[in-house]
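Enquirer: One structure is given below, represented as structure tokens, and several questions about it will come after.
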Amino acid sequence: MSLKETAAQVRLNAYAPYSGFRVGAAIRGASGAVYAGCNVENVAYPEGTCAEAGAIAAMVAAGETVLTEVYVIADSPEPVPPCGGCRQKLAEFGTGEVPVTLATVQGAETVTRIADLLPGAFGAAHMPRG
Ligand code: THU
């Protein structure tokens, strides 16, 4: 399945009873394998997790720590942009050049890249003794 199909499919499993906003994410690991994630909300609202976080967790659980491509989809008027926290999470596992496709279920797509989503990112190099 393509990243787009995977993201659209997993979005249907999103657990979003509070926002009603279902999001699907698919990422490709360096091996070529595709990992899926959806948002999982909680009655204690801050405990909810984003679709991107779920896909990253699936990738790491499978033993991969490098991602090469990202696709995020939601039923939004404009292609859905990842939240700030997810931008930092994506930057942890992908270079600035990694393409990130933002999409709507209606078929609109915007392609950007991690460096453009998170300019001036905090990274390991900022912690010389870390
Ligand atoms: N959400 C995501 O899963 N990914 C995004 O990129 C944007 C927001 C989720 C979090 C929450 O469950 C719902 O969308 C509304 O914010």
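Throughout, read-outs are computed from the coordinates displayed, never taken from laboratory work. Just so it is clear, the model here is predicted, and its values are computed rather than measured. Please note: Cβ atoms are built from the backbone with ideal geometry, for glycine as well, and neighbour counts cover all protein chains shown.
Enquirer: Calculate one ³J(HN,Hα) per residue across the stretch 19-33 by plugging θ = phi - 60° into the Karplus curve 6.51 cos²θ - 1.76 cosθ + 1.60, and present them in order as whole Hz with x for glycine and proline.
Expert: 8, x, 10, 8, 10, x, 9, 9, 10, 9, x, 4, 6, x, 5
Enquirer: Then there is this: Could you run the Karplus curve 6.51 cos²θ - 1.76 cosθ + 1.60 with θ = phi - 60° over the stretch 54-69 and give me ³J(HN,Hα) per residue in whole Hz, x for Gly and Pro?
Expert: Each residue's phi maps through the Karplus curve to give x, 5, 5, 4, 5, 5, 5, 4, 7, x, 10, 10, 10, 10, 10, 6 Hz.
Enquirer: Let me ask something else about it. Step through the residues of the stretch 84-101 one at a time and calculate ³J(HN,Hα) from phi using the Karplus curve (6.51 cos²θ - 1.76 cosθ + 1.60, θ = phi - 60°), rounding each to whole Hz and writing x for Gly and Pro.
Expert: Values per residue, Gly and Pro as x: x, x, 5, 4, 5, 5, 5, 5, 5, 10, x, 6, x, 7, 4, x, 10, 9 Hz.
Enquirer: Another question, then. What is the Cα radius of gyration of the stretch 1-55 over 2.2 N^0.38 Å, N being its residue count?
Expert: On the way: Rg = 11.6 Å, N = 55, 2.2 N^0.38 = 10.1 Å.
So the Cα radius of gyration is 1.15 times the expected 2.2 N^0.38 Å.
Enquirer: For an R0 of 41 angstrom, estimate the FRET efficiency from the Cβ-Cβ distance between Arg129 and Gln9 and round to the nearest 0.05.
Expert: Result of the calculation: an efficiency of 0.40.
Enquirer: List every residue whose amide H lies under 5 Å from the amide H of Val105, counting only residues 5 or more places away in sequence or on a different chain, with H placed 1.01 Å from N in the peptide plane.
Expert: Ala74, Asp75, Ser76
Enquirer: Turning to a different aspect of this structure: Return the loop-located trypsin sites (Lys or Arg not before Pro) in the stretch 25-130 (DSSP other than H, G, I, E, B) with at most 11 other Cβ atoms within 10 Å of their own Cβ; answer none if there are none.
Expert: Sparse-neighbourhood loop trypsin sites (Lys or Arg not before Pro): Arg129.
Enquirer: Using only alpha carbon positions, build the gyration tensor of the stretch 71-123, then give the equivalent ellipsoid semi-axes as the square roots of 5 times its eigenvalues, largest first, whole angstrom.
Expert: That gives 21, 10, 8 Å for the three semi-axes.
Enquirer: Count neighbours as other Cβ atoms within 10 Å of each site's Cβ, and list the chymotrypsin sites (Phe, Trp or Tyr not before Pro) in the stretch 25-130 that are DSSP loop with at most 15 such neighbours.
Expert: Those that pass, being in a loop and sparsely packed, are Phe122.
Enquirer: A follow-up question, please. Mean 1/r over all different Cα pairs, inverted: what Kirkwood radius does the chain give, in Å?
Expert: Numbers: mean 1/r = 0.0681 Å⁻¹.
14.7 Å is the Kirkwood radius here.
Enquirer: Per residue and in Å³, how big is the convex hull formed by the alpha-carbon atoms of the stretch 36-84?
Expert: Hull volume over Cα atoms, normalised by residue count, gives 101 Å³.
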